[in-house]
Amino acid sequence: MGERVELGPAQETMLIPLYGRAVETRKAHPLVRDPRAVDLVESIDYDFAKFDGGRSLAGSVLRGMVFDHWVADFLHDHPHGTVVEIGAGLNTRFERLDNGSCHWVDLDLPDSMALRRKFFTETDRRVMVSGSVVDGDWLEVVRRQPGPYFFVAEAVLIYLSEADARTSVARIAAEFPGALIAFDTWGEWIIRNQKRHDALRKMSASLEWACDDPRALKAWHPGLRLVETATVGAQPDVLRQLPRAYRMIMRLIKLLPQTRAYRLNLYRT
Ligand SMILES: C[S@@+](CC[C@H](N)C(=O)[O-])C[C@H]1O[C@@H](n2cnc3c(N)ncnc32)[C@H](O)[C@@H]1O
């Protein structure tokens, strides 16, 4: 019998990207290899099959590749720096990118973190914190790690109200000048049509914060500057790694309103 999951609505969505990476890994020619995700899916008692055939599995894999690319770039330049995974869920980014010298902080809500702790352990370079990104208490733990810092919130802030997303981002910008912060923004079109989303319509979580223009966030804090923004299939460095057939599909997919409304963004604070 696998580990039973008792998670709040937004917290349960962590199982979508986890399953996406596991399904991808089992393919003959996977875009990512994540054997840990396969183990986790096999260890958790959950109806993952309900996500089968949905576009969001491949979408979450491609999204993760962009965030991995940005974090890997940061670690290349700053091998002893700290990566802060906000809303870590059961993400295995540390397992994918650890260079043997970086520091890592995983943050998630108490029930999510309790589940995460069943599968991952802390080390002298990796700490796990239970709390909400909206309350600033966890920043104290980050401050104890060496800089520079890269904050990544993959598919997390969209579950917050705009006011809470703003509070969270502005606080990081104010307290960690010079840091990088990466997160996705989902436009009004997606929020309006969320009941049609292939995976979310099978869950009770709801998307809250709509953002059509990631540049507009400079109003959130004077130090917040957009460094790069891309749609899921169109970040140039990641696109280049994809097989030709994918690249052709991406050319078509990027015309869809849901793709255009969904952006992956990298900011400098
Ligand atoms: C779609 S999952 C993404 C998980 C992970 N980032 C990944 O890509 O695999 C959303 C995550 O956001 C977390 N989350 C939601 N609200 C949060 C909050 N206020 N503070 C911290 N984490 C939060 C959930 O617990 C969940 O793990």
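Taken together, the values in this text are just the output of simple stated rules run on the coordinates, not laboratory data. This structure is a prediction, so every number in the text was calculated from the model and none was measured. Here Cβ is always computed from backbone atoms with ideal geometry, including for glycine, and neighbour counts include all displayed protein chains.
Compute the Cα gyration tensor for the chain, then decide on rounded, prolate or oblate, letting a ≥ b ≥ c be the square roots of its eigenvalues: rounded whenever a/c is under 1.5, prolate when a/b is larger than b/c in the other cases, and oblate in all that remain.
Since a/c stays below 1.5, the shape of the chain is classed as rounded.
Rounded, prolate or oblate: pick one for the stretch 182-242, where a ≥ b ≥ c are the square roots of the eigenvalues of its C-alpha gyration tensor, a/c under 1.5 means rounded, and failing that, prolate if a/b is larger than b/c, else oblate. Please list the in-between numbers first.
Details: a/c = 2.79, a/b = 1.24, b/c = 2.25.
Oblate, since a/c reaches 1.5 and b/c is not below a/b.
Among bridges DSSP assigns within the chain, what percent are antiparallel (round to 5)?
40 percent
Considering Cα pairs under 8 angstrom that are at least six residues apart, work out the relative contact order of the chain and quote it in whole percent.
Relative contact order, the chain: 19 percent.
Placing unit charges on C-beta atoms (Lys and Arg positive, Asp and Glu negative, everything else neutral), compute the dipole magnitude of the stretch 58-268 about its Cα centre in debye, rounded to 20.
Dipole magnitude for the stretch 58-268 comes out near 840 debye.
At 0.36 nm per residue, and after removing the present C-alpha to C-alpha distance, how many nm does the segment from Q241 to R26 gain when stretched out fully?
75.5 nm
Compare the peptides 123-134, 75-86 by average per-residue count of other Cβ atoms within 10 angstrom and give them in order, highest first.
By packing density, highest mean first, the sequence is 75-86, 123-134.
In which sequence would M1, M113 go, from the one with the fewest C-beta neighbours within 10 Å to the one with the most?
So the residues, fewest neighbours to most, are M1, M113.
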